[in-house]
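> Sharing a structure here in structure tokens format.
The values are calculated or read from the model by the stated rules, or taken from the named source; none is laboratory data. As the structure is a computational prediction, the values presented were derived from the model and not from experiment. Heads up, the Cβs are rebuilt from the backbone with ideal geometry, glycines too, and the neighbour counts pull from every protein chain shown. Side chains are part of the model used for accessible areas, which takes the heavy atoms of the whole protein and leaves out ligands, DNA and RNA. Shrake-Rupley method; radii C 1.70, N 1.55, O 1.52, S 1.80 Å.
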Amino acid sequence: MSEIPRSDYPRPQFVRDDWLCLNGEWGFEVDQGDSGIHRGLLKRALRDTITVPFCPESKLSGIENHDFYNAVWYRRQAIVPSEWAGKRILLHFQAVDYDSTVWVNGEEVGRHRGGFSPFSCDISEVADAGAEITIVLRARDDGQKPQPRGKQATDYGPEGAIYVRTTGIWQSVWLEPVPDIALRRPRISPDLANQTFRLEQPITGNAPGLRLRATLSDAAGEVVSADTSAEVDLSPRLDLPIPADRLQLWGVGDPHLYDLDIALIDADGKIIDSARSYAGMRAISIDGVAIKINGKTVFQRLVLDQGYYPDGIMTAPSDAALIEDIELSMAAGFNGARLHQKVFEERFLYHADRLGYIVWGEFGDWGCGRQGPLDGEHQQPGPDYITQWLECLERDYSHPSIIGWCPLNETWQSITDRITALDDVTHGLYLATKAMDGTRPVLDASGYSHRVPAADVYDSHDYTQDPDEFRERHAGLAQGQPYLNSAESWLVPERLMGNIRWSIPYDGQPYFVSEFGGIWWNPDVMEGEDSWGYGTRPRDLDEFYDRFEKLCAILLDDVNMFGYCYTQLTDIYQEQNGIYKFDRGLKFDMDRIRAAQIKPAAIELADG
């Protein structure tokens, strides 16, 4: 590959001018027995090559092997730019699955566990400006051990609603120079009631006379600038009030982003560090059963987006592919997405911010929490889930497109007379999310095991394909008795059904059906091909459109429903229930799909 793949700036909401992309060809070797450290893999060239940032299971990596790896090694040389002399050198990994150890010039410089969040290594003590360095990474990823993995297969896979594994590096690797006292990632909070952005700016250290300055701008130029002392506070704060005549809101389908320039200034008035960011002024509120954006009710027409690609698996082949997925969704009539069982790369969120596309952020932990008295063997979530989720929240806090959080998905465990690890971790994840971010609603678990009293949001998953049955199931919401997921005969033996329940009672929160539809449609399926969707496949396109339109209308017509999430944006391998094909090709008349999602005028309050 002649051009550097995925060479776009990987952290677009916190940009420094100096950086070096390390994507491209790396040495690579599989370490099936995880004995590489004893066999000298740290000290020698590796046998194969791989194209980073694509995982070895993917076609774009140049390897395309779907088998279990257990451990893999990466190695490459890079030259630190000579103009970085006098700076500290950071080595960034945007995402590595799952357990990483990093060496530079033979010295260990960092460790990290978690496949969805970025980590950095300060390599200043072993890397000199102008010199060549050797970077080695070992990634352990036992595909059968309990860990947050989202939709990655624990069997050979893929099958059912489970897809291909991702091992090792799957997002960008890069170098960055920073001063001894440097900016960390800012937290930008819009305060619409006071027409003010509140900036919390962590820094790495303090010094006499140090000051923080922030300048907000729009297309007409500077809007407001403010500064404060940074001598004694490791996280100085600034308010950036917007004059009434310069106030523009970030809205659904109508986004406005302000530019934000941040600088650290020493006692002599010299800028010692600076970064560019951006911010959107918008508010999220709960009014009874409504979730409002900027004080207006917006029906959330969400689509389940799992972010898989035929050639890159969880890694988009290009930045343009990220944009295309958002534009395809909007063309189909959706105004947002539930980013499902994967923490999407930052550039996706950047484009969602730019395009006015709302998203719910979610952790990749499907399959946990099934260990109970009736369903025996599956993994329990542990404290590592909370640790890794907090890293994701820290990364994504400032994106205006994110309008809600969902730490858990489909935790299948019945309520018993004992408190389980699932109860503890569900509460822990919810409290950690609210502690990290009090500005957005939080859904404790999407579908099934709701365990947090008075959580911000309540939901259900319902793949009933018969519109009449679907309508009947959801008729009780107006009386405060919505459809609730419960242990069903396919999961629990009928003789044990009794009064088994998965969730605490509904308490009047905003409610939505966060998974429905999933209508199976692939008219080109070959005999013997693994192909499925929910329910019976429609006989023809007319039957598909009739079912889709009726299911959507039932939820659109319900004034007590704040939104829905249709499964799903694209086909993924054998799961062929997408609005588009896996390669993003057309399956349906998008005008008809879009028209089916228009709310009746009588109840359309202010969509966007």
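> Just by accessible area at a 1.4 angstrom probe, what is the order of TYR258, TYR448 from largest to smallest?
Ranked from most to least accessible, the order is TYR448, TYR258.
> Once phi is turned into ³J(HN,Hα) by the Karplus curve 6.51 cos²θ - 1.76 cosθ + 1.60 with θ = phi - 60°, what whole-Hz value does each residue of the stretch 67-79 show in order, with x for glycine and proline?
With the stated coefficients, the stretch 67-79 comes to 6, 5, 10, 6, 8, 9, 10, 10, 8, 7, 9, 8, 9 Hz.
> Restricting things to alpha carbons, find the Rg to Rh ratio for the stretch 402-495 using the Kirkwood radius for Rh.
Here the Rg-to-Rh quotient is 1.00.
> In the neighborhood of SER82, defined by Cβ-to-Cβ distances under 13 Å, what is the net charge if each Lys or Arg adds +1 and each Asp or Glu adds -1?
It works out to a net charge of -3.
> Given Cβ point charges of +1 (Lys, Arg) and -1 (Asp, Glu) and nothing else, what value in debye, to the nearest 20, does the dipole of the chain about its Cα centre take?
My answer is approximately 820 debye.
> Within the set LYS87/LYS145; LYS43/LYS145; LYS145/LYS587, which residue pairs have Cα atoms separated by over 31 Å?
LYS87/LYS145; LYS145/LYS587
> While we're on this one: Provide the gained length on full extension for the span ASN206 to ASP468, in nm with one decimal, where the gain is 0.36 nm per separating residue minus the Cα-Cα distance.
87.8 nm
> Can you pull a Stokes-Einstein diffusion coefficient for the stretch 19-144 at 25 °C (0.890 mPa s), Rh from Kirkwood over Cα pairs, as a whole number of µm²/s?
This corresponds to a translational diffusion coefficient of 164 µm²/s.
> How large is Rg/Rh for the chain, to two decimals, with Cα atoms and a Kirkwood Rh?
Here Rg/Rh amounts to 0.97.
> How far apart, in nanometres, would the label points at ALA131 and GLU391 be if each is projected 7 angstrom from Cα along the Cα-to-Cβ direction?
2.8
> Sticking with this one: GLN300's amide H: which non-local residues (gap 5+, or another chain) put their own amide H closer than 5 Å, with H modeled 1.01 Å from N in plane and none for Pro or chain starts?
Those qualifying (amide H under 5 Å, at least 5 residues apart or on another chain) are GLY563, TYR564.
> With all protein chains present and a 1.4 Å probe, how do GLU25, GLU527 order by accessible area, largest first?
Correct descending sequence by accessible area is GLU527, GLU25.
> I've got another one for you. Could you tell me what percent of the accessible area of the chain is made up of carbon and sulfur, with a 1.4 Å probe and every protein chain present?
Solvent-exposed carbon and sulfur of the chain make up 47 percent of the total.
> Further question on the same structure: For the pair HIS427 and LYS581, how long in nm is the line joining their label points, each one 7 Å along Cα→Cβ?
Distance between label points: 5.1 nm.
> Next up: Gain in length, TYR156 to SER235, computed as 0.36 nm per residue apart minus the alpha-carbon separation, to one decimal in nm?
23.8 nm
> Above 23 Å lies some portion of the pair distances; for the stretch 250-350, what is it as a whole percent of all C-alpha pairs?
Considering the stretch 250-350, 47 percent of its Cα-Cα pairs are separated by more than 23 Å.
> Could you check the spin-label model distance between SER7 and PHE588? Points 7 Å from the Cα along Cα→Cβ, value in nm.
Here the modelled spin labels are 4.0 nm apart.
> Please turn the phi angles of the stretch 128-137 into ³J(HN,Hα) values with the Karplus equation 6.51 cos²θ - 1.76 cosθ + 1.60 (θ = phi - 60°), one per residue in order, whole Hz, x for glycine and proline.
9, 4, x, 9, 7, 10, 10, 9, 10, 10
> Measuring from centroid to centroid over Cα atoms, what is the spacing of the stretch 116-143 and the stretch 254-273 in Å?
Taking the Cα centre of each part, the stretch 116-143 and the stretch 254-273 sit 29 Å apart.
> Averaged per residue, what accessible area in Å² does the chain show with a 1.4 Å probe, protein chains only?
Each residue of the chain exposes 39 Å² on average to a 1.4 Å probe.
> Below 8 Å, C-alpha to C-alpha, sequence gap of six or more: please give me the relative contact order for the chain in percent.
Once divided by the residue count of the chain, the mean separation gives 12 percent.
> Before rounding to the nearest 500, sum -39500 (n - 2.57) across all DSSP H runs of length at least 4 in the chain and divide by the residue total; then give [θ] at 222 nm in deg cm²/dmol.
Mean residue ellipticity, 222 nm, calculated: -4000 deg cm²/dmol.
> In terms of Cα to Cα distance under 29 Å, which lysines are near enough to LYS296, apart from those fewer than 8 places away along the same chain?
Within the straight-line cut-off, LYS296 pairs with LYS434, LYS550, LYS599.
> So if each residue of separation counts as 0.36 nm, and I subtract the Cα-Cα distance between SER285 and LEU247, what length gain in nm does that give?
Contour length minus the Cα-Cα distance gives 11.8 nm.
> Measuring from a point 7 Å past the Cα of LEU20 along Cα-to-C-beta, which residues in the stretch 174-191 have an amide N at less than 16 Å?
Flagged as within label range: 174-179.
> I would also like to ask the following. Just want the answer: with Cβ charges of +1 for Lys and Arg and -1 for Asp and Glu, which residue in VAL442, PRO5, VAL298 is farthest toward the dipole's positive end in the chain?
Ranked along the dipole, the leading option is VAL442.
> Show me, for the stretch 566-576, the HN-Hα J-couplings you get by feeding each phi into the Karplus relation (A = 6.51, B = -1.76, C = 1.60, θ = phi - 60°), rounded to Hz, glycine and proline as x.
My calculation for the stretch 566-576 gives 8, 9, 8, 5, 9, 4, 9, 6, 7, 7, 10 Hz in order.
> I've got another one for you. FRET efficiency for ILE37 and LYS145, Cβ-Cβ distance as r, R0 = 22 Å, nearest 0.05?
The calculated FRET efficiency here is 0.70.
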